[in-house]
Amino acid sequence: MPSLKDWLPALCGMMCLGLGAGLIGVYGFFVAPLVQEFGVSTAVVNMGPVLLLLVPGIVSPFVGKLADRLPVRRMVLFGAALAMGALLLITRMPSLWLMGLCFLLFSLGLTFYGPVVINGLMVKCYPGREARALAIAAIGISVASATLPPMMGFLLSYLEWRAALATLAGAVFVALWAGALAGLPGEVVGTVASDAAPGQPPVDADIYRRREFWLVGLCSALGLGVSVVLAVVYPPHFLAEGYTLAQAGWFLSLAGMAGMAGKLSVAWLGSAANARAKWLAMALLGLQVIGFALLMGAQNTPGVIAGLCFLGFGGGAFLTMQGYLNSRYYDASVISRVIGAQMPLFMPFGLVGAPLAGYLFDRTGSYEPMFMLLSGLLLLAILLAWLLPASRP
């Protein structure tokens, strides 16, 4: 029977994703302070999350190849140092454009301990148990979503935003280095794919020729892109609806807890869902559409909570789907490069999603038009998942 030690890499992966992708959930708390300090529009400040998709979209194919050839521990240590060092630099910058350059470095650092690296490691470390391992690792994002927003709201109640950000960066750096050194393997995990035999197409070329590569990539890009936009717009949306900053933090915490429940459900299903992977993805996307309908129709706090529970459960569980769906179609030896090669597909929506949300809010004073657009994108993602071929059990 597997012991806790056997699951240590998954637990460390949980921490990496929580303190990597999970940090996106606190970005919205800095929108208002930056708008006030530099006198710019919300749309301009919302350009920051564009880098969180644009940079991985550019460098992830390269990072994915490295993750199939280098020890993940080294990549995580490097990424943590670069990302948290960049956040500390942001707190010292006097202008918004210099902060943007530092945020670019932060986005690059996140890529080295983000989903491409961690999800690939989970598939390699846990053959036959990919769904459970991916769900455990992704729980870190829900834990971060449930704990970091209230903590950040509390810090910003007592500290100026620069001091609060510096405190967060220092704590995350220590946690990531301690966790990586204690629980991540120091050697290359899995079989490194060799070059193709003479007369055979290269591995990378074969990846791009397969229909499932594009369907999984586009479906994941739409689903995860919606989650990124929501993480940015939730705090200002609730503030515009008349809630306090502290209440907005607790709303995000609730959504994070619902997301954790979704990931635990995927972990509980385990290998039982292997033959029905695409139907599971479709169900999780559908729950989010229901959540948007409830949130936009909410007349009181209980209605908001109901919408957040559906959005959090479906969106949180869907974070595991890119790695899980790919594991149903590709060998573990190339899984990191497959995930990395799909990341450029995240760029189109990543370039316009958050800035468009800010623009619509500046013009209408509401995020509901953006919520309607996001619901339509989720319906498109459901169609793409339905078109996937049958997967291996």
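The values are calculated or read from the model by the stated rules, or taken from the named source; none is laboratory data. Since the model is a prediction, treat every value here as computed from it, not as a measurement. Because the Cβ atoms are built from the backbone with ideal geometry, glycine has one as well, and the counts that use them run over all protein chains shown.
You will find that of Ala246, Ala272, Ala277, the residue that is at pLDDT 80 or above, of a type outside the set (Val, Ile, Thr) and assigned to a helix (DSSP H, G or I) is Ala277 and no other. Trp177 passes every criterion in (1) within 30 Å of Trp268 (Cα to Cα); (2) aromatic (Phe, Trp, Tyr); (3) at pLDDT 90 or above; (4) buried (at least 18 other Cβ atoms within 10 Å of the Cβ) apart from (4).
Residues are listed down the side, and each one gets a yes or a no for (1) within 28 Å of Val116 (Cβ to Cβ); (2) among the hydrophobic types (A, V, I, L, M, F, W, C):
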| site | (1), (2) |
| --- | --- |
| Thr244 | no, no |
| Leu252 | yes, yes |
| Ala258 | yes, yes |
| Ala272 | yes, yes |
| Leu280 | yes, yes |
| Gly303 | no, no |
| Tyr324 | yes, no |
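Taken together, Val63, Val72, Val76, Val50 contain a single residue that is within 24 Å of Ala231 (Cα to Cα), modelled with pLDDT of 85 or more and crowded, with 18+ Cβ neighbours inside 10 Å, which is Val76. Counting only residues that are crowded, with 18+ Cβ neighbours inside 10 Å and hydroxyl-bearing (Ser, Thr, Tyr), the range 239-260 holds 1 of them. Among the residues of the range 67-90, the ones that are out of contact with any Asp or Glu (no Cβ under 9 Å at 6 or more places or on another chain) and either among the charged types (D, E, K, R) or over 24 Å from Cys125 (Cβ atoms) (or both) come to 11 in all.
Across the range 113-139, the qualifying residues are those that are within 12 Å of the chain's Cα centre (by Cα) and at pLDDT 85 or above, and the one among them that is surrounded by the fewest Cβ atoms within 10 Å (Cβ to Cβ) is Gly114.
When the helices (runs of 4 or more DSSP H) confined to the range 8-99 are screened for residues that are on the phi < 0 side of the Ramachandran plot, β-branched (Val, Ile, Thr) and more than 19 Å from the chain's Cα centre (by Cα), those reaching at least 3 such residues are found at 42-45. Considering the range 297-308, and only residues there that are buried (at least 16 other Cβ atoms within 10 Å of the Cβ) and more than 18 Å from the chain's Cα centre (by Cα), the residue that is nearest to Leu383 (Cα to Cα) turns out to be Gly307. Exactly one residue among Ala144, Ala164 is surrounded by 22 or more Cβ atoms within 10 Å (Cβ to Cβ) and under 23 Å from Thr320 (Cα atoms), and that residue is Ala144.
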